[in-house]
Amino acid sequence: MDLLSFFPEWVMTHGAALLVVLPLLMGVVLAILPSEKLAWALAFIVALICSVLALGLVLQIFGGESLVYSMGGWDPPHGISYVVDALSAPVLLLISLMAVLCLLYAWPSVRAEVEPKKRAPFYAAFLVCMAGLLGMVVTGDAFNVFVFLEVSSISTYVLVGMGASRDRRALTASFNYLILGSIGATFFVVGLGFLFMETGTLNMADMARILRDLDGGSRVAQVAFAFIIIGLGLKLAMFPLHVWLPSAYAHSPSFVTAFLASTATKAALYLLLRFTFTIFDVNINYVGRAEMILLVGFGVAGMIFASLQAIFQTDARRTLAYSSVAQVGYMLLGIGLATAAGAAAGYLHLLNHAVIKGGLFICLGAMWYRFGITRISDFRGLSKTMPWTMGAFTISALSLIGVPFTAGFVSKVNLATAAANEGWWWAVGVIVITSILAIIYMGNILKEAYFKEPPVVNGAIVARNEAPLMMLIPMWALALASIAIGINSDLMVQAANGAAELLFPVTNALPGGVTP
């Protein structure tokens with residue numbers, strides 16, 4: 001049976017716009033609601049609707065179509081268009097589904113970590129953040145990318161700062177994030193300004209056509225490319241521009257950390273793919289050299305140094321934060337190969353890592369919820385006191401390492417294969433070495449949980465106290481998804497290959513643009 005038949009026509013017609021407009025408008029409503037329960041319920045319903053809309057769009061794209069939605073009926077390149085294609089559709093679905101799972105987890109988590117009077121505004125800021133991330137991915141207008149980038153960033157600074165009731169260091173983390181995020185946004189918008197000077201348009205597909213006609217453009221285009229890469233590098237936590245990430249992840253409310261780790265850097269990586277391969281042409285000399293030197297160089301450096309930093313952390317949240325920087329390096333390595341196989345492998349790891357890291361941070365939040373655990377030394381005997389939570393954490397940890405029959409293994413095999421096909425055996429070696437380092441830093445946590453006894457408090461061993469069901473559901477959904485991808489990765493690989501086919505080669509007629 002054709003699943004598309006279950007979706008009404010208006011979903012196919014207006015789904016791209018509704019994905020952004022619905023959470024943005026409801027964010028305003030939630031900000032003035034007096035009831036936190038109603039705010040949570042409405043936020044959850046909005047995320048669920050967005051997931052259904054995104055699923056319908058993905059099914060349509062998998063059917064071989066690309067969707068272009070002209071805002072206000074103004075056709076591109078003069079009007080603003082929303083573009084849903086094989087590159088953007090899976091990321092839209094990823095963001096929406098992670099919002100649903102994180103909101104399930106948020107019901108007990110936010111009540112424990114955010115002050116009562118701030119909870120309804122907290123959910124409002126979350127919906128605005130979600131709208132910004134979805135807008136970044138779906139828009140076909142370069143300046144709108146900047147607008148949505150700032151919408152998501154500003155709301156994220158607020159969400160991170162709201163962790164101050166649990167940990168005052170959240171205020172410092174939010175401020176540092178704001179400063180560096182603003183610097184990144186400034187670099188990005190300056191790059192867009194130079195790109196507009198070169199092409200005379202803000203439509204992304206039209207930019208691509210003009211740059212191809214100009215054989216990559218003049219030095220103005222080169223300067224634009226440099227500014228855009230640095231700006232996006234700050235947003236996606238590319239080493240060594242990652243310094244905001246460990247503190248933001250460690251001191252945010254655990255709900256915020258889980259959502260950001262699985263979506264925010266992924267949306268920025270999507271933009272890097274979009275700008276590098278569809279607006280600029282990787283066959284142009286300066287673009288190809290930047291791919292080789294900057295993305296591969298910084299990606300590999302991040303894989304190694306961030307993995308080493310993760311080993312010496314005493315806070316489990318910072319361990320996973322530095323791990324995220326290392327995993328971004330894997331994605332950059334795939335993108336930097338500048339081949340279809342490399343881009344597919346990097347995109348596949350983008351999707352898989354969201355599943356893995358979201359599950360890990362949800363588990364960590366549940367551990368804090370029950371026992372106030374953040375330090376690795378506090379994991380003693382946790383396999384006995386929180387067996388279900390620790391079970392989900394273990395599966396996700398093994399997937400992060402790259403154990404066979406997990407999502408992480410699928411990503412790393414595809415990435416290693418893409419590198420080997422280009423004769424980059426040294427890159428295969430780096431993948432193996434950093435996977436061994438992952439065994440060490442994740443093994444430090446697992447060792448405490450499985451090979452040490454629970455602590456003694458007031459003369460008695462700490463009793464079993466499992467996480468609530470609203471936390472267990474999303475963590476196990478992500479853990480089982482990681483196993484399911486490891487056993488049968490056809491859908492994920494199909495999505496990654498579809499994205500790579502869009503990027504290689506770039507056609508002359510791009511969705512949302514004009515045909516020369």
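The values are calculated or read from the model by the stated rules, or taken from the named source; none is laboratory data. All of these numbers come straight from a predicted model, not from anything done at the bench. With ideal geometry, Cβ positions are generated from the backbone for all residues, glycine too; neighbour counts draw on all protein chains shown.
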Looking at 301, 310, 338, which is the one that is at positive phi and over 18 Å from the mean Cα position of the chain (by Cα)?
338
May I ask you to say which residue of 289, 318 is closer than 17 Å to residue 441 by Cα, surrounded by fewer than 24 Cβ atoms within 10 Å (Cβ to Cβ) and of a type in the set (Lys, Arg)?
318
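For (1) touching a strand residue (DSSP E or B) at 6+ places or on another chain (Cβ under 7 Å); (2) crowded, with 24+ Cβ neighbours inside 10 Å; (3) among the charged types (D, E, K, R), each residue gets a yes or a no:
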position	(1), (2), (3)
33	no, no, no
36	no, no, yes
40	no, no, no
55	no, no, no
69	yes, no, no
72	no, no, no
78	no, no, no
91	no, yes, no
Is there a residue being hydrophobic (A, V, I, L, M, F, W, C), surrounded by 22 or more Cβ atoms within 10 Å (Cβ to Cβ), within 19 Å of residue 297 (Cβ to Cβ) and at pLDDT 90 or above anywhere in the range 400-415?
yes
If you go through the range 151-159 one residue at a time, do you hit one that is part of a helix (DSSP H, G or I), more than 17 Å from the chain's Cα centre (by Cα) and within 23 Å of residue 286 (Cβ to Cβ)?
no
Within the range 217-269, the residues that are of a type in the set (Ser, Thr, Tyr), part of a loop (DSSP other than H, G, I, E, B) and surrounded by 24 or more Cβ atoms within 10 Å (Cβ to Cβ) are 252
Residues of the range 233-276 satisfying the condition of being within 13 Å of residue 332 (Cβ to Cβ) and among the small types (Gly, Ala, Ser)
233, 237, 268
Might you let me know whether the range 449-464 holds any residue that is farther than 23 Å from residue 335 by Cα, part of a loop (DSSP other than H, G, I, E, B), among the acidic types (Asp, Glu) and touching a residue at least 24 places away in the same chain (Cβ under 8 Å)?
yes
What are the residues in the range 463-488 that are crowded, with 19+ Cβ neighbours inside 10 Å and at pLDDT below 85, if any?
467
Would you call residue 164 in contact with a helix residue (DSSP H, G or I) (Cβ under 8 Å, 6 or more places away or on another chain), small (Gly, Ala, Ser) and touching a residue at least 24 places away in the same chain (Cβ under 8 Å)?
no
Checked 160, 138 against criteria (of a type in the set (A, V, I, L, M), closer than 15 Å to residue 268 by Cβ, in contact with a Ser or Thr (Cβ under 9 Å, 6 or more places away or on another chain) and crowded, with 24+ Cβ neighbours inside 10 Å); the one match is 138
